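*Asks:* Next up is a structure, given as structure tokens.
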Amino acid sequence: MSEPRQDDDRSLLLTRAKIETKVAQLAAAIDRDYAGRSPVVVGILKGAFMFLADLVRRMETPIKSVEFIRVSSYGTSTASSAQPIMLVDLSPKTVEGRDVIVIEDIVDTGLSTQVAMEHLAKLNPASLVLCSLLDKPSRRRVPVTAKYVGFTLPDKFVVGYGLDVGELDRQLPDIYTIDG
Ligand code: 5GP
């Protein structure tokens, strides 16, 4: 068994209560914008799994289907890899002609989100927007804009609520900054 990660380098940034309130606000905004429609929700693995689960259970909009894709990003380090690639894809039929909402945990450089958005755009959705819980605009290297953003953050590495460091800390219900 591997050793548990030391948690003394964590500082609490966003409490579960704050996250819950924000997720409810985002769900309400999506419900208003998608009244009378039935969008497809596409989560970007792995980081978005917790946010997606909480968001969709707050939404009243009937969801046509919940899909997932995976784009390689950081591996096990905190430094961004330059060339993200698609690792897990979805069936093109689930997106074609549909209103698609992409769910991200965080937009950092924008490189991996851009790969995902460009890939989905080629599958001819009726509409395509991005919803990201977290946004670090100061780190952006390519122009990626989320229609729905939960929290705008400074340039700090964060963990918890789906976000990992070397696969650890995803299960934490709150969001922390870590040193390093
Ligand atoms: P980007 O391609 O925008 O640089 O990064 C996208 C992905 O990198 C995110 O979906 C997330 O998985 C990971 N990432 C970016 N910033 C952070 C961060 O501060 N903490 C963690 N744990 N992952 C991050």
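The values are calculated or read from the model by the stated rules, or taken from the named source; none is laboratory data. Everything numeric in this text was worked out from a predicted model, so none of it was measured. As a convention, Cβ positions derive from the backbone with ideal geometry for all residues, glycine included, and neighbour counts pool all protein chains shown. The accessibility values were calculated without ligands, DNA or RNA, using every heavy atom of the protein model including side chains. Shrake-Rupley method; radii C 1.70, N 1.55, O 1.52, S 1.80 Å.
*Asks:* Would you check if there is a residue in the stretch 103-120 being more than 10 Å from the ligand (Cβ to nearest atom), hydrophobic (A, V, I, L, M, F, W, C) and over 21 Å from Asp31 (Cα atoms)? Lay out the reasoning, then the answer.
*Replies:* Filtering the stretch 103-120 down to residues more than 10 Å from the ligand (Cβ to nearest atom) leaves 103, 117-120.
So of that shortlist, the ones also hydrophobic (A, V, I, L, M, F, W, C) come out as 103, 117, 120.
Restricting the remaining residues to those that are over 21 Å from Asp31 (Cα atoms) gives 117, 120.
Among the residues of the stretch 103-120, at least one is more than 10 Å from the ligand (Cβ to nearest atom), hydrophobic (A, V, I, L, M, F, W, C) and over 21 Å from Asp31 (Cα atoms), which makes the answer yes.
*Asks:* For the stretch 49-62, enumerate the residues that are of a type outside the set (Val, Ile, Thr) and either in a helix (DSSP H, G or I) or at pLDDT below 95 (or both). Even if it seems obvious, please write down each step before you answer.
*Replies:* Looking only at the stretch 49-62, we keep the residues that are of a type outside the set (Val, Ile, Thr), and these are 49-55, 57-60, 62.
Within the stretch 49-62, Phe49, Met50, Phe51, Leu52, Ala53, Asp54, Leu55, Arg57, Arg58 meet the criteria.
*Asks:* Sticking with this structure for a sec: If we scan the stretch 162-175, do we find a residue that is surrounded by fewer than 22 Cβ atoms within 10 Å (Cβ to Cβ), within 20 Å of Ala17 (Cβ to Cβ), hydrophobic (A, V, I, L, M, F, W, C) and at pLDDT 95 or above? Write out each step before concluding.
*Replies:* Initial filter on the stretch 162-175 (surrounded by fewer than 22 Cβ atoms within 10 Å (Cβ to Cβ)): 164-174.
Now narrow it down to the ones that are within 20 Å of Ala17 (Cβ to Cβ): 169-174.
Of the ones still in play, those that are also hydrophobic (A, V, I, L, M, F, W, C) are 172.
Then drop every residue that is not at pLDDT 95 or above, which leaves 172.
There is at least one residue in the stretch 162-175 that is surrounded by fewer than 22 Cβ atoms within 10 Å (Cβ to Cβ), within 20 Å of Ala17 (Cβ to Cβ), hydrophobic (A, V, I, L, M, F, W, C) and at pLDDT 95 or above.
*Asks:* Same structure again: Looking at Ser72, Ser65, which one is open to solvent by less than 50 Å² (accessible area, probe 1.4 Å), touching a helix residue (DSSP H, G or I) at 6+ places or on another chain (Cβ under 8 Å), modelled with pLDDT under 95 and of a type in the set (S, T, N, Q)?
*Replies:* Working: Ser65 fails: modelled with pLDDT under 95.
Step by step, each of Ser72, Ser65 is checked, and only Ser72 is open to solvent by less than 50 Å² (accessible area, probe 1.4 Å), touching a helix residue (DSSP H, G or I) at 6+ places or on another chain (Cβ under 8 Å), modelled with pLDDT under 95 and of a type in the set (S, T, N, Q).
*Asks:* Do you know which residues across the stretch 30-41 are open to solvent by 50 Å² or more (accessible area, probe 1.4 Å) and farther than 17 Å from Arg98 by Cβ? Step through it out loud before you land on a result.
*Replies:* Filtering the stretch 30-41 for residues open to solvent by 50 Å² or more (accessible area, probe 1.4 Å) gives 32-33, 35-37.
Arg32, the sole residue that qualifies.
*Asks:* Filter the stretch 42-58 down to residues that are surrounded by fewer than 22 Cβ atoms within 10 Å (Cβ to Cβ) and touching a helix residue (DSSP H, G or I) at 6+ places or on another chain (Cβ under 6 Å) and give me whichever is farthest from Met117 (Cα to Cα).
*Replies:* Looking at the filtered set, the residue picked out is Arg58.
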